[in-house]
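Structure record follows, encoded as structure tokens.
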Amino acid sequence: MIDILILRADVLAILEDLLGTYTFPDRSTAQAIACLPDPEKGWNYPENGTKTSGLEVVIKQPYPDVSANIGGDRTFTNSWEIHLKQWDTNKSLVEVIGLLSGDLPAYYLIERVSPMPASDKLLTVEQCKIFLKDWQVREP
């Protein structure tokens, strides 16, 4: 099973020099990478009123999809989401997607990559979701 903090560390090692910045309401700053739920702050990270610049990475912990198997054991399948947003309209996610697709350790099974171009009409920035598949079989 994927550990969210290890996944965060692996993503950070690949993208550290490309990450943007969170500027919090108290004017403190941090790299723009978040795990949801955050191990310390739950679903409220970054907090309301935070400004984001540059590349933002949000890793979302999934709810498991459970299926029963013959014999009574259960398969827990998780689809992890790495959500990328490029808040700098002069930059692209192409390099970032290539780095994550090529440099994430092999034990992360990339299920699919789902890009979404920026849209002036929808007032959205360029985004991409990378889905990682993870499963585990458990006996009741």
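The values are calculated or read from the model by the stated rules, or taken from the named source; none is laboratory data. Source: prediction; values computed, not measured. No Cβ is skipped: glycine too gets one built from the backbone with ideal geometry, and neighbour counts run over all protein chains shown. Please note that ligands, DNA and RNA were not included when accessible areas were found on the heavy atoms of the full protein model with its side chains. Shrake-Rupley method; radii C 1.70, N 1.55, O 1.52, S 1.80 Å.
Per residue, the chain exposes an accessible area of 62 Å² to a 1.4 Å probe, with every protein chain left in place.
If R0 is taken as 30 Å, the Cβ-Cβ distance between S28 and K60 corresponds to a FRET efficiency of 0.80. For E16, neighbours were defined as the other residues whose beta-carbon sits under 15 Å from its Cβ, and their charges (Lys and Arg +1, Asp and Glu -1) total -4. Which lysines, if any, have their Cα less than 25 Å from the Cα of K60, not counting same-chain residues under 8 positions apart? Here the lysines satisfying the reach criterion relative to K60 are K41, K51, K85, K91, K129, K133. In degrees from 0 to 90, rounded to the nearest 10, what is the angle of the helix 94-103 Cα long axis to the longest principal axis of the chain? That works out to roughly 40 degrees. Among the listed values (i) 15.7, 55; (ii) 19.4, 68; (iii) 16.7, 56, the one matching Rg and Dmax of the Cα atoms in Å as calculated from this structure is (iii). Taking the accessible area of the range 52-129, probe 1.4 Å, and keeping the other protein chains in place, the carbon and sulfur fraction comes to 55%. Within the chain, the longest run free of exposed loop sites, counting trypsin sites (Lys or Arg not before Pro) that sit outside DSSP helix and strand states (H, G, I, E, B) and have at most 13 other Cβ atoms within 10 Å, spans 42-120.
Just to be sure I follow the definition: excluding the sites themselves, where is the longest run in the chain that has none of the chymotrypsin sites (Phe, Trp or Tyr not before Pro) in a DSSP loop with at most 14 other Cβ atoms within 10 Å? Segment 44-106 is the longest.
The angle separating the long axis of helix 4-15 from the principal Cα axis of greatest extent in the chain is about 40 degrees. Please identify every one of the GluC sites (Glu not before Pro) in the range 1-76 that sits in a loop by DSSP and has no more than 12 other beta carbons within 10 Å of its own beta carbon. When the GluC sites (Glu not before Pro) of the range 1-76 are filtered for loop state and at most 12 Cβ neighbours within 10 Å, E16, E40, E47 remain. Between W87 and K51, the simple label model (points 7 Å from Cα in the Cβ direction) yields a spacing of 0.9 nm.
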